[in-house]
Structure formats: C-alpha cells, structure tokens
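Since the structure comes first, as structure tokens, the remarks are kept for the end.
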Amino acid sequence: MVRIICYTGLILMGLSLRAASQPVIVHSPDERLSMAVYLEDLDGDTGIPEFSIRIDDRIEIASGRLGMVLGDSNGRPFLSWSKGVRLLDTHERRADATWTPVYGERNIVRDVYNELRVDLTQRADTTQRMQLQIRAYNEGIAFRYHWPERPQNQILTVVEETTSFTFPEETFAWYIPKAQTRYSKRPLADWSMPSEMPLTLELPDGRFAALLEARMVNFSRARPKTTSGPNTLSISLFGHVIETAPFSSPWRVVMVADQATDLLANNDLILNLNAPNKIEDADWIRPGKAIREITLSTRGARNLVDFASSNGLDYIHFDAGWYGHEYEVASDATTVTVDPHRNPKGDLDLHEAIRYAKSKDLGVFVYVNHRALERQLDEILPLYKSWGIDGIKFGFVHVGSHRWTTWLYEAVRKAADHQLLVNVHDEFRPTGASRTWPNLMTQEGIRGNEEMPDATHNTVLPFTRFLSGAADYTPAYYFREEFGHPRRHIQTTPAHQLALPVIYYSPLQWLYWYDVPSRDYQGEPEVEFWAHCPTIWDETRVLQGEIGEYAVVARRSGEDWFLGAITNTDARILTISLEFLDSVRNYTATRYADGGEEVPTRTHVRISRSHVTSDSVITLDLKASGGEAIRFVPED
C-alpha cells in the first residue's frame, strides 16, 4: 500500500502500511520553509507524532519523530509522548518585531516568524497535556515541548527525548565529538559517540542545514547521535530533568540555507529564541579586548597595563594561580595567594595592579575555577566588586546536566546583580542566553589557539561553532616556531591571526594569548589593526566562504568597515566586491597581508594603502594558511 498525505495542495507519497492523520502545517513568512506535524500509525484518533520539514513545499529537508518520555520519582519511564498521542487543538500566531541588543553583530535584530501551537493529550491518560510549539522563520524551523500548569502534581521528570531527524541520502555532517576537538566530514552513520552542536550538514542538492539547540537554561544538554535507521539522527540527553510545570524544553532548531555563508549571516535566529534582556540598566556592560597577565607578578602586571593602554586594549586578565592552585579545595578565592608553581616569589600585589589598571582606564578580569565558584560564589561576587574587578572567567564548569546548567545560569544572574561580566571557558557552549543576560559576554566551547589548530580547522569554525554565538578563540600573535617556540606554536600566518577578530565574533576578545609583550613585542606596526578593531558591530556581511576552504567577513562599526579573510592550508586568490561600502563616500583602505622577505620585520606583514569606493573590486592573494585584514575609513 501507499501512504498519501495532502500537503498544501500537493500529494506526498511514501511506502507505508500505516495510516496517517491529516497534517497541521506552519509556513515561514516567505512561504519557502514549512513544517508539517501529523500522527502516524493511527489507532482511532491517536498515533505516533511525526514531522516533515520542506522547502518550496516539495523538497524534504528533514523528517522524523517527536516526543518525550516522562518518568516517576525514581526515573522509571511511565508515560511516553512518542505514541498513543491525540491532537486536541491548534493555535496560530504571527510575529514581526525588531529589538536592539546591548551589543552584537548588528545593532538591530529583526524577529519575524509564524507560530503554530499544537495541543496534545494522551490516550493512556487524558488528564495529561503537552504542547508542541513551532516557529517557522525564513532562516529555519524551531520547535520545543511545553508542559502547561496542571491542577495536580506539578513535578515532572523527563527521562528521555525521542525526537529524531532523517535527512536525505548522501547527507554529510561536520561531526565533532566534543567542543574542543577536531571536525571531520562524515556520513550520518556509525558514529562512535554523539556529536556536539551546532551540527552543520551538507545536503545532496547543494544546500546546507544545521541542527542547533536554543534557550537551554534549565534542561539537560542534547546531542545528536546516529541510529540504526539510514541517515537518521536521534537526540541523546545528558541526563534526567526534574522540573515543575509549567516549563519548556529547549528549542530544537533546523537552520536551512542555500549556501554556507547564509548560515553564519542568519545566526541571530538563536538569539531570537531566547528571552529579552533582563538587565534594566546595562550601561555598565563594556565590551572590549583583553590580554592575559601570565607572570602573576606586580611588575608583570604594570608592564602589561602599559602595553594594553598603548595598544588599544581594554582589560587585563589574571589567569589561574592568583589565589593558589585552581584544583585544590584549600585554595581560597577571597585571598591573593599566588600558586608557587606559577610564580615562586609570590610577588603579586593584585590590589596595586587593579589600581594601576584603573588609572589607565583599563578594566580587570580574574579567573576562578569551578571548585571555588561552587563553594564561594556568594562571597566572592560582592568582594570582587569592592576590589574594582570588572569580570570573572569561569573555569572548567560542569556542563550538560540539568543541575549544573541551572546552577550556571543562576551564577550568571547573580554576577549581573553585582555588575560583573562573565566569560565561561572549556566545554560550555552557548544557546543564546546572552540576549537575556548580556553580562554573559562570551564563552569558549571551541578548539581555539590553546590547541594550536591548523588553518583548515579555522575555516570550518565560521560555519559551525559560530552559528550558536560568540566564542573566545584566544587569538595569539608571537607564539611562533621562528620566534623560539619549536614544539608547540601557531600553525597559521600573522595576517591570518590578524583577521580572526573580524571573522570570529566575541564581544570580549582575549588577544595575544600565550604572548608576553615585554618579551615578544618589537614594535611590529601591523598590530595597530588589533588596536583599531572593535569587538561589537553595527552591521555584518558574510561575503564569501566554503566550509573548510576559506571565509571572508566584513563588519561595520560606526562609519568604519573592517574585513577579515582567511584560507585553509592551500593558497588561493579571491576577488572581493566592495559594494557593502557607502555608495556616496570615498574610503582609504589599509591592508595587512602576508608579505615576504622584502618586508623588513620579523612577521613580514605588508601594509599598503589605497583609495576605494563601493564600485571597487579588490584581489586577495592569500598564502597557504594565510589571510588578510583590512580597515576602511571614510575620507570625508
């Protein structure tokens, strides 16, 4: 037999012996994308909830099953929303709004979608209620599960998610088992462990899709894994979730794009799925560029402050070891007790260093490991504020579980109460909560310069990790083999590193990672680009790029434009139109490119200047593992 489903005037046919209900459908505002929900394998008016996501009402991007499994107080499953489900009612809503972020990749964000709410009940227990909330954007489809308030017991335990996604044959994924590991391009089969998200997919027709998670603030982390079914991924939860109704799961997001560059250009979708800013007066939130104080000494701190003040930086940062060994429970984060392994002399006067930084209008960050955060958070927040500290870098926090996810966002909220900024490091990945708590300015969750990745890895990141939000990649500059670091060093050219803060968005950019300016800096003129380069933007254009090949991004701050271009381990020549510039103005373009021995500096970065307009076309001659950075300044 043949299963036939009417779908907005079309007949879709698939081999099946089962009956299916008529679908309920929501279309994107431009009517290109749609998601249909229907009940498969009907038994009367109940069945298995399934979905199909299509483009242009004919090309299926993904299909799969829906559902969650609830358990009792001991975690034993007792109610499955993946079968025996009845559709009660539907509700539609349209939204078209704009909002102004505290900071971001653009100064205005538009939030336009069509929403469909599907009310469900259970054949086994008609008192049970669950809602499927779907939002169809031009850029993708998002859906989540919501449990409304009930008059009976409100405590619910989620023990499993049964959501699955089946993609077309010959779909490939940019798979990554952990956030700080390498990507590999794989078919959707035989993965040894689940993948991290965002998970970017290359579809057989040349389009791209990406699986993401949004608004994961009081739930258990989801990761996609392969199943026994062909080209199918299912959701693996980190663990059980115990919450009180009403509450919602995170959004499950399927972004769809005609080309890879559109994925990065449309990454505001994740912010739109989060709650609005809850900090009423956010004037104290100050984006900027930071540099790490490695020596943990007063002299080193003063030298670093002088360098930062002279080179356009905004913060100095005291990393692990300033209050003792970060992993020892006895280490007290309310004291300045330098780890002797970091500085045997222990001669750090942190309060004097803070005073000196403030005299130069610089802010101060300190690192605190999760051990001290968990024990001393309520004590250190007001204390650090009284010391004049501006922000905390959270180290090695627990990630994934319901308990520690909830703890982390409560810690961010508490930090906001004391006007302290937050940078979360290690395996934590964003899901858009910086819109709600903009003091959470950046996070790691990326294989950055701590691991010294090659240029190919760097050209994968814009179209994968950066779809979910800012990342602290920690660009470095002088840590090179030719500068005395033969065993572990930067794998890319100086101009490649210069371009990264334009391509890799982070409101707080930790620059010169591993570098000690008093030892390494020799007046190289090209570092002026980092001095001028902002960390937040009024406008962003993703000009060109292919995953694992190259990326070119232009961003505007005020009247100035900045462009970053990087290539993989292959040299290439790119032709770039400057049509993004203001059409009635002339600009001076200052270009920073990899030169040769004819450039009389250690880094051999060639600086050139030319007059350009929006009609100009420039050629980028990128060396292997290289790049180019450009600043465009209006001439009038």
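The values are calculated or read from the model by the stated rules, or taken from the named source; none is laboratory data. Quick caveat: nothing in here was measured; it's all calculated off a predicted structure. Neighbour counts run over all protein chains shown; Cβ positions are idealised from the backbone, glycine included.
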Quick check on region 543-554. Is at least one of its residues over 26 Å from residue 183 (Cβ atoms), touching a residue at least 24 places away in the same chain (Cβ under 8 Å) and touching a strand residue (DSSP E or B) at 6+ places or on another chain (Cβ under 7 Å)?
no
With respect to the numbered conditions (1) in contact (Cβ under 8 Å) with a residue 40 or more places away in the chain; (2) under 30 Å from residue 561 (Cα atoms), which one is the sole condition not fulfilled by residue 100?
(1)
Residue pairs within 7 Å by beta carbon, gap of at least six or interchain, first lying in region 362-391 and over 23 Å from residue 510 (Cα atoms), second in a helix (DSSP H, G or I), listed first then second, are 377/411; 377/414
Residue 292, sole failed condition from (1) over 31 Å from the mean Cα position of the chain (by Cα); (2) within 23 Å of residue 371 (Cβ to Cβ); (3) among the charged types (D, E, K, R)
(1)
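Residue-wise test of (1) crowded, with 17+ Cβ neighbours inside 10 Å; (2) farther than 17 Å from residue 460 by Cα; (3) touching a residue at least 12 places away in the same chain (Cβ under 8 Å).
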{"position": "161", "(1), (2), (3)": "yes, yes, yes"}
{"position": "185", "(1), (2), (3)": "no, no, yes"}
{"position": "188", "(1), (2), (3)": "yes, yes, yes"}
{"position": "220", "(1), (2), (3)": "yes, yes, yes"}
{"position": "230", "(1), (2), (3)": "no, yes, yes"}
{"position": "253", "(1), (2), (3)": "yes, yes, yes"}
{"position": "257", "(1), (2), (3)": "yes, no, yes"}
{"position": "274", "(1), (2), (3)": "yes, yes, yes"}
Counting just the residues of region 291-332 that are touching a His at 6+ places or on another chain (Cβ under 8 Å) and of a type in the set (Gly, Ala, Ser), which one comes out nearest to residue 392 (Cα to Cα)?
321
Close pairs from region 306-325: first within 20 Å of residue 518 (Cα to Cα), partner surrounded by 23 or more Cβ atoms within 10 Å (Cβ to Cβ) and acidic (Asp, Glu), Cβ under 6 Å, at least 6 apart
316/293; 318/293
Pairs, please: C-beta under 8 Å, at least 6 apart or cross-chain, first residue at positive phi and in region 563-579, second in a loop (DSSP other than H, G, I, E, B)?
none
Pair list, Cβ < 6 Å and 6+ apart or interchain, from region 397-410 residues that are at positive phi to residues that are buried (at least 17 other Cβ atoms within 10 Å of the Cβ):
400/221; 400/238
Residues located in region 102-138, provided they are assigned to a loop (DSSP other than H, G, I, E, B) and closer than 11 Å to residue 272 by Cβ
137
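Quick check, is residue 320 surrounded by 17 or more Cβ atoms within 10 Å (Cβ to Cβ), among the small types (Gly, Ala, Ser) and not in a helix (DSSP H, G or I)?
Details: surrounded by 17 or more Cβ atoms within 10 Å (Cβ to Cβ): yes; among the small types (Gly, Ala, Ser): yes; not in a helix (DSSP H, G or I): yes.
Here the answer is yes, as residue 320 does meet what is asked.
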Residue in region 220-248 that is modelled with the lowest pLDDT, counting only those that are of a type in the set (Gly, Ala, Ser) and in contact with a strand residue (DSSP E or B) (Cβ under 8 Å, 6 or more places away or on another chain):
229
Give 333, 357 a once-over and let me know the one that is part of a helix (DSSP H, G or I), crowded, with 20+ Cβ neighbours inside 10 Å and small (Gly, Ala, Ser).
357
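Answer yes or no as to whether residue 475 is at pLDDT 95 or above, buried (at least 21 other Cβ atoms within 10 Å of the Cβ), outside any helix (DSSP H, G or I) and in contact with a Leu (Cβ under 6 Å, 6 or more places away or on another chain). Full working, then the answer.
Details: at pLDDT 95 or above: yes; buried (at least 21 other Cβ atoms within 10 Å of the Cβ): yes; outside any helix (DSSP H, G or I): yes; in contact with a Leu (Cβ under 6 Å, 6 or more places away or on another chain): yes.
When the stated conditions are applied, residue 475 passes them.
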Across region 511-552, what is the total count of residues that are of a type in the set (Asp, Glu), within 23 Å of residue 624 (Cβ to Cβ) and assigned to a helix (DSSP H, G or I)?
1
Selection from region 615-636 of residues more than 31 Å from the chain's Cα centre (by Cα) and hydroxyl-bearing (Ser, Thr, Tyr) yields 616
Name every residue in region 587-627 that is surrounded by 18 or more Cβ atoms within 10 Å (Cβ to Cβ), of a type in the set (Gly, Ala, Ser) and in contact (Cβ under 8 Å) with a residue 60 or more places away in the chain, in order of residue number.
593, 625, 626, 627
Restrict the check to region 256-271 and report whether at least one residue is at pLDDT 95 or above, aliphatic (A, V, I, L, M) and under 30 Å from residue 366 (Cα atoms).
yes
Only one of these conditions is not met by residue 630: (1) crowded, with 19+ Cβ neighbours inside 10 Å; (2) in contact with a helix residue (DSSP H, G or I) (Cβ under 8 Å, 6 or more places away or on another chain); (3) not in a loop (DSSP other than H, G, I, E, B). Which number is it?
(2)
